[in-house]
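S.K.: Here you go, one structure.
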């Protein structure tokens, strides 16, 4: 198992898998697991739906003005430049296609960890079976819990109507 050194940005990427990855994978994961790619195109339909939802209670004249302003803005808008390099984009596609590796957040320090899927599965099963934190239930408690919740809701509705 190999361990990479922290990247200059301060984020750590640990490769605990049996696979070797190009530097672009470490660069991409070094951006953090909350990093978001900019969209390749402007989500026009989503913007229009959101605007329509937001203006539904306004007077018609104001709605029309907002629609016009939105249409002008959308016609002039250009998609943002990518916030990752081509090599990082290829690395992302490679990671997505590799079903034998999982990318996880480390318990401490916020590092990204690359781990073989089989190792991850074995560790999870070991934790579930041997930790003493869990016990196997003899039957599914969902029906009983659902019944209790339904009765609680029914009693609340009969004593105080919701406003």
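The values are calculated or read from the model by the stated rules, or taken from the named source; none is laboratory data. Model, not experiment: these values are computed from the prediction. Glycine also receives a Cβ, built like all others from the backbone with ideal geometry; neighbour counts cover every protein chain displayed.
S.K.: In this structure, does residue 77 turn out to be modelled with pLDDT under 95 and either within 30 Å of residue 12 (Cβ to Cβ) or within 32 Å of the chain's Cα centre (by Cα) (or both)?
M.R.: On the way: modelled with pLDDT under 95: yes; either within 30 Å of residue 12 (Cβ to Cβ) or within 32 Å of the chain's Cα centre (by Cα) (or both): yes.
It is true that residue 77 is modelled with pLDDT under 95 and either within 30 Å of residue 12 (Cβ to Cβ) or within 32 Å of the chain's Cα centre (by Cα) (or both).
S.K.: I've got another one for you. Can you name every residue in the stretch 32-68 that is over 26 Å from the mean Cα position of the chain (by Cα) and surrounded by 14 or more Cβ atoms within 10 Å (Cβ to Cβ)?
M.R.: Within the stretch 32-68, 55, 63, 66, 67 meet the criteria.
S.K.: Among residues belonging to the stretch 81-100 that are in contact (Cβ under 8 Å) with a residue 40 or more places away in the chain and not in a helix (DSSP H, G or I), point out the one that is farthest from residue 39 (Cα to Cα).
M.R.: 100
S.K.: Could you please find all residues in the stretch 107-147 being out of contact with any strand residue (DSSP E or B) (no Cβ under 7 Å at 6 or more places or on another chain), outside any helix (DSSP H, G or I) and touching a residue at least 24 places away in the same chain (Cβ under 8 Å)?
M.R.: Listed by number, the residues that qualify are 109, 110.
S.K.: Right, here's the next one. Filter the stretch 46-75 down to the residues that are in contact with a helix residue (DSSP H, G or I) (Cβ under 9 Å, 6 or more places away or on another chain) and outside any helix (DSSP H, G or I) and list them by number.
M.R.: 56, 58
S.K.: So for the stretch 134-143 (the condition being loosely packed, with under 11 Cβ neighbours inside 10 Å and touching a helix residue (DSSP H, G or I) at 6+ places or on another chain (Cβ under 8 Å)), does at least one residue qualify?
M.R.: yes
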